[in-house]
Amino acid sequence: MGEELHSSWNEVVSGYCPKSKTDKWITPPEVYDPLNNEFNFNYDPCPIDWKDGDLDGLSSDWGTRVFCNPPYSQTAKWIKKCSEESQKGKTIVLLINAITDTKAFHEYIYNKAEVRFIKGRIKFINPENKTKRNPNVKGSMIVIFR
């Protein structure tokens, strides 16, 4: 899309929110802590301090009780990986946008995992400035693979 067309599209489409420049957002403690209390997580395949050269969560083996807030630019790959890891007898708790019309949702989540919809929008923490929070542009859901 050309810049001029993109700019005019923003003006025409009500409620349009531009894509984030980063996939790194910290799950706020009011979301993470109750889940950790319930599941006692022992692995995070998408740590906020991940950098090039670190172990790749999409190709590595995971722990047994996993919390996954994946890069939203590759959600379908992470949904598939969560499903695969759960087939090994692991409990996987996945935090993603509440988008239910995708192929990945229907292939790996619908009628195969527990879904908990979150009321309101999560305000994720900016890792560069932990005092700043940005509300997600979409609703969120917790998907539990057991």
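The values are calculated or read from the model by the stated rules, or taken from the named source; none is laboratory data. In this text, all values refer to a predicted model and were calculated from it rather than measured experimentally. Using ideal geometry, Cβ is built from the backbone for each residue, glycine included, and neighbour counts are taken over all protein chains shown. To get the accessible areas, we keep the full protein, side chains included, count just its heavy atoms, and leave off ligands, DNA and RNA. Shrake-Rupley method; radii C 1.70, N 1.55, O 1.52, S 1.80 Å.
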Practice item. Write down the Å³ per residue value for the convex hull defined by the alpha carbon atoms of the range 33-87. Key: 92 Å³
Revision key, fill the gap. Distance in nm between Asp33 and Asn97 label points, each 7 Å along Cα→Cβ, equals 2.9 nm
Exercise for review: Give, rounded to the nearest 20 debye, the magnitude of the charge dipole that the range 58-146 has about its Cα centre when Lys and Arg contribute +1 at Cβ and Asp and Glu contribute -1 at Cβ.
Suggested key: 340 debye
Review point. Which percent of the accessible heavy-atom area of the range 51-146 goes to carbon and sulfur, probe 1.4 angstrom?
Key: 49 percent
Exercise for review: Once you have a ≥ b ≥ c as the square roots of the Cα gyration tensor eigenvalues for the range 93-146, tell me rounded if a/c is under 1.5, and otherwise prolate or oblate according to whether a/b is larger than b/c.
Suggested key: prolate
Exercise for review: Would you mind working out the magnitude of the charge dipole of the range 37-108 relative to its Cα centre, with +1 at each Lys and Arg C-beta and -1 at each Asp and Glu C-beta, to the nearest 20 Debye?
Suggested key: 180 debye
Study note, to complete from the structure: Applying the gyration tensor rule to the Cα atoms of the range 68-115 (axes a ≥ b ≥ c; rounded if a/c under 1.5, else prolate if a/b exceeds b/c, else oblate), the class is oblate
Practice item. Quick one: work out Rg over Rh on the C-alpha atoms of the range 22-146, Rh as Kirkwood radius. Key: 0.93
Point to revise | Sum of side-chain charges, Arg121 neighbourhood, beta-carbon under 12 Å (Lys, Arg +1; Asp, Glu -1) | key: +4
Review point. Averaged per residue, what accessible surface does the range 14-123 expose to a 1.4 Å probe, in Å²?
Key: 62 Å²
Exercise for review: Provide the FRET efficiency to the nearest 0.05 for the Glu128-Leu55 pair, computing r from the beta carbons and using R0 = 30 Å.
Suggested key: 0.85
